[in-house]
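Here the structure is laid out as structure tokens; the discussion comes afterwards.
The values are calculated or read from the model by the stated rules, or taken from the named source; none is laboratory data. For clarity, every value in this text was computed on a predicted model and none was experimentally measured. Cβ coordinates were reconstructed from backbone atoms using ideal geometry, including for glycine residues, and neighbour counts include every protein chain displayed. Each accessible area value is taken on the protein alone, full model and side chains, heavy atoms only, with ligands, DNA and RNA left out. Shrake-Rupley method; radii C 1.70, N 1.55, O 1.52, S 1.80 Å.
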Amino acid sequence: MKILLLLLGGLKLGKIALTGGTMLLSMVVYSFIFGWWYAVGFVLLILFHELGHYAAAKQRNLNVGAPTFIPFVGAWIQLKEQPMDVETEAYVGIAGPVAGTFAAMACYYVAEYTHSQLMLALAYAGFMINLFNLIPLSPLDGGRITAIISPKVWWLGVPILIGLFVMNHSPMLLLIAIMAIPHLMATFRGGPHGLPERYYDVPLSTRVSYGLYYLGLAAFLGIMSYETHLLLPSRN
């Protein structure tokens with residue numbers, strides 16, 4: 001017990017308690033609907049996604065907070081300082097879906113070799129979570145990534161979000177829409193207010209590279225979501 005206390009004393013308990021506590025809360029809430037094991041796997045998939053952002057932000061020497069979870073909303077990491085250029089923002093933005101895709105693929109291969117319907121369902125959830133986050137609309141990851149091309153690309157995400165809301169009247173979609181309004185209005189001024197003048201000044205080759213990364217990842221997640229959905233047992 002003394003050794004445990006010493007170890008805990010050397011850690012930043014505030015961050016650990018916040019992340020661990022909100023993760024546990026999410027697992028408990030989801031377990032009432034989906035069952036305990038699915039709830040655990042689902043939250044861990046979100047964690048991998050957020051850790052991708054966290055690692056990328058740390059790599060770029062940004063001051064970043066630990067992941068925080070909210071049931072039925074998801075999770076986020078708090079960037080305590082604004083990236084100094086749009087390439088850094090895109091780099092941190094795409095790292096989450098990339099890490100989340102690897103986690104979903106791990107579930108997919110485990111399901112393939114063990115014939116586990118649970119792991120297959122988690123793989124499908126993982127692919128869909130990361131595909132949804134690639135909608136080109138800020139504050140979603142897709143908005144942060146496509147900002148390197150042009151903030152005006154965010155308007156392409158509007159009909160996608162509207163279509164999703166028509167099919168599924170989720171309050172989360174409405175919340176995202178409300179949060180997106182200031183970002184969309186800022187595109188008429190050339191970009192979010194208060195950013196450095198050279199924030200969007202990046203080489204064309206960098207814009208093209210991130211555009212290809214974004215499209216490739218979105219296409220891969222779309223294909224895997226479709227293929228995995230076909231493998232799921234019919235509910236009819």
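A few remarks follow.
- List 115, 229, ordered by accessible area with a 1.4 Å probe, largest first: 115, 229
- At least 20 Å along the helix axis (C-alpha) and Kyte average at least 0.5, DSSP helices within the chain: 13-34, 36-59, 86-114, 117-133, 171-186, 204-231
- Once you reduce segment 38-69 and segment 133-163 to the center of their Cα atoms, the two points are 21 Å from each other.
- The alpha-carbon positions of the chain define a convex hull whose volume is 152 Å³ per residue.
- Estimated purely from DSSP H runs of n ≥ 4, each contributing -39500 (n - 2.57), the mean residue ellipticity at 222 nm for the chain is -23000 deg cm²/dmol once divided by its residues.
- When only alpha carbons of segment 49-100 are considered, Rg and Dmax amount to 10.5, 32 Å.
- Panel note: the C-alpha atoms of segment 64-185, placed on their principal axes, show extents of 48, 34, 26 Å (largest first).
- Using a simple spin-label model with pseudo-atoms 7 Å out from Cα toward Cβ, residue 185 and residue 208 lie 3.7 nm apart.
- Rolling a 1.4 Å probe across the protein heavy atoms gives the chain an accessible surface of 57 Å² per residue.
- For the chain, a simple Cβ point-charge model (Lys and Arg +1, Asp and Glu -1, everything else neutral) yields a dipole of about 400 debye relative to the Cα centre.
- Directionally averaged projected area (segment 26-74, Cα convex hull): 3.3 nm².
- Prolate/oblate/rounded label for segment 22-126 (Cα gyration tensor, a/c 1.5): oblate
- Residue order for 108, 91 - accessible surface, 1.4 angstrom probe, largest first: 91, 108
- Against the empirical curve 2.2 N^0.38 Å, the C-alpha radius of gyration of segment 156-236 lands at a ratio of 1.51.
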